[in-house]
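One structure below.
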Amino acid sequence: MSAKVIFYIKVVLSKNKALWVFRNVLLLLFIYWGALLKAQSTAEGLTAALSTAYKQNDFPGFSVAIVNSDSILYENAFGFADLEKKIPYTTTTVQPIASLSKLFIGMAVMKAIEQGLFTLDTDINSILPFKVTHPYSPEIPIALKHLVTHTSGITDNADTYKKTYLYNVPIQEDNPIYGQLKSKGYGAEGKDTTLAAFLTDYLSPSGSYYSKKNFSKSAPGKRYEYSNIGSDLAAWLIELKSSMSFSQYTQKHILQPLQMTHATWSTADADQEKLSALYTGDDKPYPKYSSVAYPDGGLTTSCHELSLFLNEVIAGQQGKGQILSPASYATMLQPAFSDSYKPENLDPAEPNIGVFYAIKKSGVIGHSGSDGGVTAFLFFNPVKGYGMLFLANTEMEGLNGINKNLMTGFEKMWGIMGQYAGKLQSDK
């Protein structure tokens with residue numbers, strides 16, 4: 001075969017190869033842009049549906065997000081962070097997240113276990129500077145696993161727990177709700193307001209807040225009873241073993257690695273320009289407050305940053321998290337109860353629990369949160385691989401009881417998000 005013929009064949013093949021590559025690049029671009037337009041269309045539909053729902057309910061402001069293990073599929077915000085000043089609520093507006101904070105205790109507990117500070121079976125009295133004895137079952141030790149599953153027998157004495165609230169300085173004494181809160185006993189009494197001092201007063205027999213009413217009559221491990229103070233005790237164990245405050249420990253091992261740069265454990269330390277006002281169910285603003293018992297409900301952050309946390313948890317459940325090992329995530333999220341071990345008083349809708357994670361009958365995992373002026377929900381579906389967030393600057397249940405309009409409004413919006421979440425996941 002002549003050299004000219006060989007050259008001609010090479011040119012033809014080269015041109016055909018270039019044409020093949022060009023066609024495939026175009027095809028990939030069409031697929032990409034098609035998927036992008038489809039995702040945009042789904043997101044626009046969700047925004048329109050939520051906007052309509054917002055106009056029909058009484059939430060001053062709220063933000064939502066839908067995420068999977070590696071991306072934020074959707075995030076948006078509606079309404080106002082400050083009704084009087086007409087400041088919009090955004091996905092970077094910060095506010096307390098109430099009991100969603102316990103999920104950070106759970107992650108911190110598992111990190112401390114990885115560091116060899118203790119195990120879930122550790123007797124808390126091997127760490128505490130004083131002995132905690134269950135007054136009705138003194139022979140049965142309280143282990144860390146009891147604290148993280150709300151089965152320790154340590155309960156929340158309502159009259160005492162009110163004293164954990166702190167009013168930010170300067171105290172907003174002209175606030176319309178301040179006098180009402182004070183009259184109901186909310187607020188510390190000028191005592192040492194550290195977490196350690198409060199827990200010592202509450203749990204030590206010589207403590208000023210000690211009472212048998214601080215414990216249930218069921219032995220440790222026998223009964224499920226949600227306990228804020230038991231949760232705070234788990235956080236304090238981390239302080240005692242790490243020689244760091246719980247705030248410092250979580251900043252170092254969780255918040256900073258996840259780039260939650262605006263997250264703080266006190267509204268007093270938050271970026272005040274980004275901090276939302278908090279409202280009662282009838283739109284009256286709360287005075288700014290924080291808490292002595294901050295680990296159980298005091299984390300202040302935004303919907304966007306909370307999305308980064310949920311990204312990590314879903315990734316961890318899939319064996320690819322960055323904060324904990326796959327084994328630690330498995331332990332944190334697996335059911336603690338079984339047919340052979342089932343404590344009393346379990347909610348049929350949430351019959352199981354991981355390390356602070358509520359596990360619903362449907363298999364969905366997460367937590368809800370409620371406090372003065374706060375409503376928060378974070379749940380994910382481990383089978384479908386996505387989760388949803390809802391964060392609002394008002395309470396569905398608070399000083400004035402349950403606000404049925406807000407409850408109905410939330411349920412409608414959560415349902416709308418659920419309808420679109422699968423579409424956003426498949427569009428991605």
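Structural remarks
- Label-to-label distance, residue 226 versus residue 197, with points set 7 angstrom from Cα along the beta-carbon direction: 2.9 nm.
- Inter-part distance, region 100-162 to region 346-420, computed on C-alpha centroids, equals 25 Å.
- Of the trypsin sites (Lys or Arg not before Pro) found in region 312-365, those that fall in a DSSP loop while having at most 12 other beta-carbon atoms within 10 Å are 361.
- Pairwise FRET efficiency - residue 408 versus residue 346, Cβ, R0 = 25 Å, nearest 0.05: 0.40
- Both numbers refer to the Cα atoms of the chain; Rg and Dmax are 25.4, 104 Å.
- Axis of helix 102-114 versus longest Cα principal axis of the chain: the two differ by about 80°, to the nearest ten degrees.
- Semi-axes of the equivalent ellipsoid of region 288-328 are 27, 13, 5 Å, computed as sqrt(5λ) over the eigenvalues of the C-alpha gyration tensor in descending order.
- Pairwise label distance in nanometres, residue 183 with residue 383, each label 7 Å out on the Cα-Cβ vector: 5.1 nm
- Region 58-210: proportion of alpha-carbon pairs further apart than 23 angstrom, %: 58 percent
- Footprinting exposure proxy ranking of 274, 131, fewest other C-beta atoms within 10 angstrom first, gives 131, 274.
- When the pairs 131/212; 360/384; 162/342; 191/222; 274/320 are compared against a 23 Å limit on Cα-Cα distance, 162/342; 191/222; 274/320 fall above it.
- Residues residue 338 and residue 139, FRET efficiency given R0 of 25 Å [Cβ-Cβ distance, rounded to 0.05]: 0.55
- Helical contribution to [θ] at 222 nm, DSSP H n ≥ 4, -39,500 (n - 2.57), averaged over the chain, rounded to 500: -12000 deg cm²/dmol
- FRET efficiency for the residue 159 to residue 130 pair, using the beta carbon distance and R₀ = 22 Å, is estimated at 0.45.
- In a fully extended conformation the segment linking residue 240 and residue 169 would gain 22.7 nm over its present Cα-Cα distance, using 0.36 nm per residue.
Taken together, the values in this text are just the output of simple stated rules run on the coordinates, not laboratory data. Quantities reported herein were computed from a predicted structural model and do not represent experimental measurements. No Cβ is skipped: glycine too gets one built from the backbone with ideal geometry, and neighbour counts run over all protein chains shown.
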